[in-house]
Amino acid sequence: MYYVCYLILFFATILYIKYLPFNVKSRHPVNIDSHKYKIIKRRRLEENLFPDYYPNTWYFLCNSDEIVLNSKKTIILFDNLFVLFRNSKGGLGLVDAFCPHLGTNLGEGGVIKDDCIVCPYHSWEFNVEGKCEKIPYTTRTVPERANITKFLVIEKYGLIFMWYNDIGEKPPNNIKILDEIKEYHSKIIVKDYEDYHMHIMEPSQNSADYYHFKTVHKYLPNAFYDKLLHVDHDIHTVYENKEDGMIIIRESIKTIKFLSKISLPKFICKLFTTYVIIESPSLILFKIDNKLLGEYRGIMTLTPVEPFIQKIRLNAWGSGFFKIFGRLMTWFVMNTVEQDRRVWEHKLNIRNLVCGDGKFAAYMSWLNKFYSKINKINIKNLDW
């Protein structure tokens, strides 16, 4: 009888871990209507110490299953509106939301017809390349000025991205971290998180800031564990020198102490070794390759709604152990990110560095690759 109860408890636990949403909520949510936050926002805009708000890179739009054949979706990005639509053949088009005729919003009442998005006001028809295919009431050839502004999009592994460049340059390469998702990886979870009120560079800038791991991340990311388990991190960061190079962070755990006194076995610590690969300020990969447990891939995307608001989504895939426990791993990853959030959402971009502060010059040099000449960042006086 006891064995049956244990089996039921075991399988119930597995189902709990596999299917529970594992929601992540901010411990210290920012009150955007408070006078305190309004002061922070004002100083951010007035002092203009942050890099340009929108680096030149790929930006996540949505998952493929969010836009079926012959459908459209309004995208809020860069403090502007766009319309993403899919035709009957599966082709994707991303265009300015406002019709070039009289400025009608195509996202409000526009329909997909004959593989075009049709303006709800005068029925102008635009294909996925932005070309105006038809103006129903004119007998003349459709002029080129009737075309709508379109943007480059790619779709891979069920994710859709757009390319942005402030001077119109083409992308140097496709998104490399997507190559880390292999055919045998199963989709585990898709999670959206509350808007982060910060500059888009903040998560990637953490790569240069070793010491904050000893303060912000010294405990496992849950209030219940704050005094139960103490963690000592070992961080190794590489800034690739290639033009399309990435930041590669090897994050391992030296020790885990129970009640700050009893050290857990080394093999348990090794299970938590994670690689964080930052392709751009908007694209971050969390990667685990473990012979015992399997593989985990979590892609965190930052989509700037406006200068200091980022929409964050984490899509996760896994194999082996992580097919079942991937949700738990995703919860752990995003709770770790959540530990930084209180700092990110309430800070200015001030630098007065001293010896031992980390590779901030290397980071800013890497970040500069995502800006055109007119928006390059001054990286002098970053090393002491």
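The values are calculated or read from the model by the stated rules, or taken from the named source; none is laboratory data. Since we're looking at a predicted model, the values are computed, not measured. All Cβ positions, glycine included, derive from the backbone under ideal geometry; neighbour counts span all protein chains shown.
In segment 137-157, the residues that are of a type in the set (Lys, Arg) form Cβ pairs under 6 Å with partners that are modelled with pLDDT under 95, at six or more places apart or across chains, as follows: Lys156/Leu178. Taking segment 189-205 as the range and being of a type in the set (Val, Ile, Thr) and under 17 Å from Phe332 (Cβ atoms) as the test, the residues that pass are Ile189, Val190.
The numbered conditions (1) in a loop (DSSP other than H, G, I, E, B); (2) of a type in the set (A, V, I, L, M, F, W, C); (3) farther than 27 Å from Ile278 by Cα are all true for Phe50 except (3).
What's the total number of residues in segment 186-210 that are in contact with an Asp or Glu (Cβ under 6 Å, 6 or more places away or on another chain) and either surrounded by fewer than 18 Cβ atoms within 10 Å (Cβ to Cβ) or not assigned by TED's automatic domain parsing to the domain that holds Ile40 (or both)? Here the count works out to 0. Scanning segment 132-185 for residues that are of a type in the set (S, T, N, Q) and surrounded by fewer than 11 Cβ atoms within 10 Å (Cβ to Cβ) yields Thr139, Thr141, Asn173. Taking segment 223-263 as the search range and keeping residues that are touching a strand residue (DSSP E or B) at 6+ places or on another chain (Cβ under 6 Å) and in a loop (DSSP other than H, G, I, E, B), which one is modelled with the lowest pLDDT? The residue in question is Asp226.
Just to be sure, is Val354 over 20 Å from the mean Cα position of the chain (by Cα), in the same structural domain as Arg43 (by TED's automatic domain parsing) and either part of a strand (DSSP E or B) or farther than 21 Å from Ile249 by Cβ (or both)? In short, yes. Among residues of segment 363-372 being within 12 Å of Ser204 (Cβ to Cβ) and out of contact with any Pro (no Cβ under 6 Å at 6 or more places or on another chain), the one that is surrounded by the fewest Cβ atoms within 10 Å (Cβ to Cβ) is Lys369. For segment 317-332, residues that are surrounded by fewer than 21 Cβ atoms within 10 Å (Cβ to Cβ) and in contact with a Gly (Cβ under 9 Å, 6 or more places away or on another chain) total 6.
With respect to the conditions (1) modelled with pLDDT under 80; (2) part of a helix (DSSP H, G or I), Asn206 falls short on a single one, namely (1). Pull up segment 65-87, narrow it to residues that are outside any strand (DSSP E or B) and more than 22 Å from the chain's Cα centre (by Cα), then point me to the one that is nearest to Lys134 (Cα to Cα). The selected residue is Asn87.
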